[in-house]
Amino acid sequence: MKIKEQNLTQGGAVLLLSVVVVKLIGALFKIPLSSDFALGDLGFGYFSAVYDLYIPIYTLALSGFPVAIARMIADFRSKNNGEGVEKVYSISFRVLLILGVMGAFVFFSLAIPLMLSKKDDTFYSFLAIAPSILFCCIASVYRGYFEGCKNMVPTAVSNIIEALGKLCLGLGGAFITMRLTRNSALSAAAALFGITLGTISSCLYLRVSFKKNGQDVILKNSVMDKHLARDLIRLLIPIGIASLSVGLTAFIDSITLRAQLEGIIKENSANAKLLLEGTLYSNVPNGEIPTILYGIKGKAHTLFNLVSTLTMAFGVSAVPLITQYFENKDTEYLIKNTNLCLKLSSVLCMPAALGFMALSGGITELLYGNKSSGLGGDLLWIYGIAALFAGLSVPTTSLLQAASKQKTALVNIVWGTAAKLTFNLVLIPIPNMNVKGAVWSTVICFVVIFALNMIALVKAMGFVPDIFAVFVKPILSASICGLTAFFVSKSVNSSIGVVVAIVLAAVVYLTFLWFLRVFDKIELLEIVKK
């Protein structure tokens, strides 16, 4: 049975649709989860502290390891080498099974000292999320196989299954646990265990789908090809690490932010009041303030992360096609699909980023209430700037990987990550900056990555993308969209005003996309072509 293939826009549309559904489900999960009816800012701080460590691994399973596997499978399939496809699947399954076991063991190990010290109740959360790492790694093999065959449907469906499991089991478990125990740490662990159960369900679906549709892989005890295994690992490492750009910023915050905030309070206890400016908190124990602030930042980061996740859909879909055109030196289609991938990403990320900036306070109050909406709005405004560059960094990283420049993409991520860590250490300890310093350092991180990626992409592809069509037209449309949202929200100063502003801004944005002819007739036909 031949696997149904999709072109870039069809594959991207399938993944994008699943991402939209997943993010809507995720909003139904995280927004009530972080509310005072469930975890609150303190419990969400416990949740985010562990979830931010888990996110890099999840990102690897969603867009890192699968991209590496897909690239090798697409290469073998373009040469009609079925034996090569089979070996890639077999070897990658063994390698990632080992990595999954090791990752789960690490998370279990992190819980032990916290459990023994009894100083940090996040150990419950480490234990709850640890098993999901194994199933994430296994699922990434199946995702990579199907994506390499230019079939994005199994990846899309598995993402939705995982999100539904998280919503029903995670949110439900957190609510029930909070009602029974009134313990924020245990409730956060219940939410994370729901994520584990969702991951297991997703993995089982992919296994069943592979058994039905993976007909060009004959399951047998094939001999390990050491050379191919070496090539796979060499590809997995740079592509895997490069996919972590968004997750690594949260990871760095998880290991630095709370400790630095604690340092600010220890230096001068009067700073505790300063840190809570922009919130309605009062009489909060100093020891809980860093976790509360981390929870507030986590809410804003959830919205920021939405943008890069959306543009990732087109980056993932582009990899097998760009790999094929690049290897075959098909310049015409290489230029067309590279420009299209970048343009679709720009059209998605630019209005979202400027919308965050225009409606930052209104969005946080609408979604999370007014207890921390002042500070949360300030953080979301800064994250709006970061979202613009992060949303474009993700697909440019994928394009570099498709052009066999995975090491270059990795180096660019390293430079961006180094900037993030450096500015975290410099900015956060400034009392007036505190948690905002972590967000500004995220902006700097993605500016660095995007700039380096664009320079490397031009060198690798041998041509300059159509700057006016890819970037200028979308940013003009998005700017008018953002101004519309800002003035409408100010004229109707309420939660309803925010909703009205978003709807009207969307209409204005689509109108100007049409007016400026952001997509020409050929591209529109390509988008809908079967």
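One table, with the values for the structure above:
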{"read-out": "Selection from the stretch 394-409 of residues that are closer than 19 Å to ALA250 by Cβ and among the hydrophobic types (A, V, I, L, M, F, W, C)", "value": "VAL394"}
{"read-out": "Residue within the stretch 110-131 that is buried (at least 21 other Cβ atoms within 10 Å of the Cβ) and in contact with a Lys or Arg (Cβ under 9 Å, 6 or more places away or on another chain) present", "value": "no"}
{"read-out": "Test: ARG258 is in contact with a Ser or Thr (Cβ under 8 Å, 6 or more places away or on another chain) and modelled with pLDDT of 70 or more", "value": "yes"}
{"read-out": "Selection count where residues are under 21 Å from ILE91 (Cβ atoms), modelled with pLDDT under 85 and of a type in the set (Val, Ile, Thr), scope the stretch 139-165", "value": "1"}
{"read-out": "Sole residue being surrounded by fewer than 21 Cβ atoms within 10 Å (Cβ to Cβ), modelled with pLDDT under 80 and assigned to a helix (DSSP H, G or I), chosen from VAL95, VAL21, VAL101", "value": "VAL21"}
{"read-out": "Residue check for SER489: on the phi < 0 side of the Ramachandran plot, hydroxyl-bearing (Ser, Thr, Tyr) and at pLDDT 90 or above", "value": "no"}
{"read-out": "Those residues of the stretch 250-271 which are of a type in the set (Gly, Ala, Ser) and either assigned to a loop (DSSP other than H, G, I, E, B) or crowded, with 19+ Cβ neighbours inside 10 Å (or both), in sequence order", "value": "ALA250, SER254, SER269, ALA270"}
{"read-out": "Which numbered condition ALA418 fails, given (1) of a type in the set (A, V, I, L, M); (2) within 20 Å of TYR281 (Cβ to Cβ); (3) surrounded by fewer than 18 Cβ atoms within 10 Å (Cβ to Cβ)", "value": "(2)"}
{"read-out": "Contacts under 7 angstrom Cβ, first residue in the stretch 247-261 being at positive phi, partner in a helix (DSSP H, G or I) and crowded, with 24+ Cβ neighbours inside 10 Å, 6 or more apart", "value": "none"}
{"read-out": "Criterion (surrounded by fewer than 19 Cβ atoms within 10 Å (Cβ to Cβ) and not assigned by TED's automatic domain parsing to the domain that holds THR323) met by exactly one of VAL157, VAL141", "value": "VAL157"}
{"read-out": "Pairs with Cβ under 9 Å, 6+ apart, first in the stretch 404-428 and closer than 22 Å to GLU267 by Cα, second among the basic types (Lys, Arg)", "value": "LEU427/LYS436; ILE428/LYS436"}
{"read-out": "Boolean, GLY355 is in the same structural domain as SER494 (by TED's automatic domain parsing), assigned to a helix (DSSP H, G or I), of a type in the set (Gly, Ala, Ser) and in contact (Cβ under 8 Å) with a residue 24 or more places away in the chain", "value": "yes"}
{"read-out": "Of all residues in the stretch 147-176 being free of Cβ contacts under 8 Å to residues at least 60 places away in the same chain and either touching a Cys at 6+ places or on another chain (Cβ under 7 Å) or small (Gly, Ala, Ser) (or both), the one that is farthest from PRO32 (Cα to Cα)", "value": "SER158"}
{"read-out": "Residues of the stretch 339-376 that turn out to be within 21 Å of the chain's Cα centre (by Cα) and among the small types (Gly, Ala, Ser), as a count", "value": "7"}
{"read-out": "Any hit, the stretch 450-473, residues being buried (at least 16 other Cβ atoms within 10 Å of the Cβ) and either under 26 Å from ILE296 (Cα atoms) or in contact with a strand residue (DSSP E or B) (Cβ under 7 Å, 6 or more places away or on another chain) (or both)", "value": "no"}
{"read-out": "Residue match in the stretch 343-354 (condition: at pLDDT 80 or above, under 22 Å from LYS459 (Cβ atoms) and surrounded by 24 or more Cβ atoms within 10 Å (Cβ to Cβ))", "value": "yes"}
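The values are calculated or read from the model by the stated rules, or taken from the named source; none is laboratory data. Nothing here was measured: the structure is a model prediction, and the numbers come from that model. Note that we place each Cβ from the backbone using ideal geometry, even for glycine, and neighbour counts take in every protein chain shown.
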